[in-house]
There are 2 protein chains.
Amino acid sequence: MTRIPQRTVERFFRYCQFLHTRLDSGAEFVFSRELAAAVGVSPEQVRRDLMNFRVKGTPQKGYPAREFMAELYAHLESASLTKMVLVGVGNLGKAILSYFLKRRPNLCIVAAFDLDPEKTNRVYSGCQVHHTGQLEKFVAKEKVAVGIITVPAASAQEAADALARAGVRGIVNFAPAQLKLPSGVFLEQLDITLSIEKAAYFARKTSAKERAK
Amino acid sequence: MTRIPQRTVERFFRYCQFLHTRLDSGAEFVFSRELAAAVGVSPEQVRRDLMNFRVKGTPQKGYPAREFMAELYAHLESASLTKMVLVGVGNLGKAILSYFLKRRPNLCIVAAFDLDPEKTNRVYSGCQVHHTGQLEKFVAKEKVAVGIITVPAASAQEAADALARAGVRGIVNFAPAQLKLPSGVFLEQLDITLSIEKAAYFARKTSAKERAK
């Protein structure tokens, strides 16, 4: 399996999430229709995805959940550590730091960066905060693969440029700014405000439709 | 304009973001190709979108930014207050509360809910935190339109059920859980961990490809 499209990778991660939940609840087998319902795709799509793995199911019992999860992780996760840094230790940055603290053995935020002298040289959720001036040197030296940007919109491109120059291969941008990046750097844009505004928009439209009935 | 698809609404919000930046930098006009580059769509798409609005541009100067933004907002924003609540006052919940504090006059988080007695009856970023037991009554009484879920995955469906029973029309879910909702409730799923995992995955794939050259 090479060159898997983004949507497929997302589905694979979601299968993992669901299999986790199932195993936690004591179930050892899972049907493709259950995976389909959980992830929001068709059972045919799930079965096509499953053909990429060696795991075999039966119509009576379904697929073995533990085996399937192990195969998914073998593909999705790296056997070695993937290093990440976070730029911008505001409220959102702190939330992400605390989330990743020790939760994922092979995916680790190894340092955070901020301009505010109140925050630099402190440790948040086990993560050392350095001054943003040290970002490029640190990232290049430590061979950091991913940068997480949680600075305000006006500073996002600058942070992205520094990360790209220092050699990161992936950026997750939470700032509401469209970034320009060199080709070869994967960009994931996550705009929390936009998502909330969109939900508010459709919530209002639905209410208006209901009232019109 | 009725029944605009989700992607269009997203584009419209992104145009607003870009127009804001442009106006802040002193530019009064914008070309469709600039909007296209900023939002990551084709200039043709931008021009098709623009046909929905009365704003007219010229090939020499482009479109008047202020006028276009006013028309976008007139469509996207409500003239009256859209009330939201937030369930789960952890680090991410607090980050969202602090972000929305007074920033948007017509889109307001009117209350937050948590099970932790340490957090209830306190105020975070100007927002009163109540016990989750009071959620349904509050949402129904105050006619809250949108619920933002920032609880752990295991509690997310319960929070969503309570919100839906109480009459919200939109839910933004940050918990890594697939929610089942009654039809008529708009769901926006935002999985921060998944996005970071995905970026790490593609960052590793790119590095591997580079090394193989």
Subset of region B:52-70 (residues that are crowded, with 18+ Cβ neighbours inside 10 Å and aliphatic (A, V, I, L, M)): B:Ala65, B:Met69
Can you confirm whether A:Ile171 is surrounded by 21 or more Cβ atoms within 10 Å (Cβ to Cβ), modelled with pLDDT of 95 or more and within 17 Å of B:Gly40 (Cα to Cα)? yes
Does any residue of region B:196-204 turn out to be at the interface with chain A (Cβ under 9 Å from one of its Cβ atoms), β-branched (Val, Ile, Thr) and buried (at least 19 other Cβ atoms within 10 Å of the Cβ)? yes
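Could you pull out the residue among A:Lys119, A:Lys141, A:Lys137 that is surrounded by 14 or more Cβ atoms within 10 Å (Cβ to Cβ), more than 9 Å from every other protein chain (Cβ to nearest Cβ) and basic (Lys, Arg)?
Values: A:Lys141 fails: surrounded by 14 or more Cβ atoms within 10 Å (Cβ to Cβ); A:Lys137 fails: surrounded by 14 or more Cβ atoms within 10 Å (Cβ to Cβ).
Only one candidate passes the filter, namely A:Lys119.
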First in region A:99-125 and of a type in the set (A, V, I, L, M, F, W, C), second anywhere and part of a loop (DSSP other than H, G, I, E, B) and surrounded by 15 or more Cβ atoms within 10 Å (Cβ to Cβ), Cβ under 7 Å, 6 or more apart: A:Leu101/A:Ser125; A:Val110/A:Val144; A:Ala112/A:Val89
Please state which of the following conditions A:Val87 fails to meet, knowing it meets all the rest: (1) under 21 Å from the mean Cα position of the chain (by Cα); (2) surrounded by fewer than 16 Cβ atoms within 10 Å (Cβ to Cβ); (3) farther than 25 Å from A:Arg14 by Cα. (2)
Cβ contacts < 9 Å: first residue over 21 Å from A:Thr193 (Cβ atoms) and at the interface with chain A (Cβ under 8 Å from one of its Cβ atoms), restricted to region B:165-189; second residue of a type in the set (Lys, Arg) and assigned to a loop (DSSP other than H, G, I, E, B), any location; separation 6+ or different chain. Result? B:Gly184/B:Arg169
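Does B:Val55 count as away from chain A (no Cβ under 11 Å) and modelled with pLDDT of 90 or more? Spell out the reasoning first.
Working: away from chain A (no Cβ under 11 Å): yes; modelled with pLDDT of 90 or more: no.
Against the criterion (away from chain A (no Cβ under 11 Å) and modelled with pLDDT of 90 or more), B:Val55 does not qualify.
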Here's a check for you: in region A:37-49, which residue that is surrounded by fewer than 19 Cβ atoms within 10 Å (Cβ to Cβ) and closer than 18 Å to A:Lys61 by Cα is modelled with the lowest pLDDT? A:Ala37
Are any residues in region B:16-40 of a type in the set (Val, Ile, Thr) and within 11 Å of chain A (Cβ to nearest Cβ), and if so, which ones? B:Thr21, B:Val39
Scanning region A:87-109 for residues that are basic (Lys, Arg) and either part of a loop (DSSP other than H, G, I, E, B) or outside the structural domain of A:Gln128 (by TED's automatic domain parsing) (or both) gives A:Lys102, A:Arg103, A:Arg104
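The values are calculated or read from the model by the stated rules, or taken from the named source; none is laboratory data. Treat the numbers as computed from the prediction; the structure is a model and nothing was measured. As a convention, Cβ positions derive from the backbone with ideal geometry for all residues, glycine included, and neighbour counts pool all protein chains shown.
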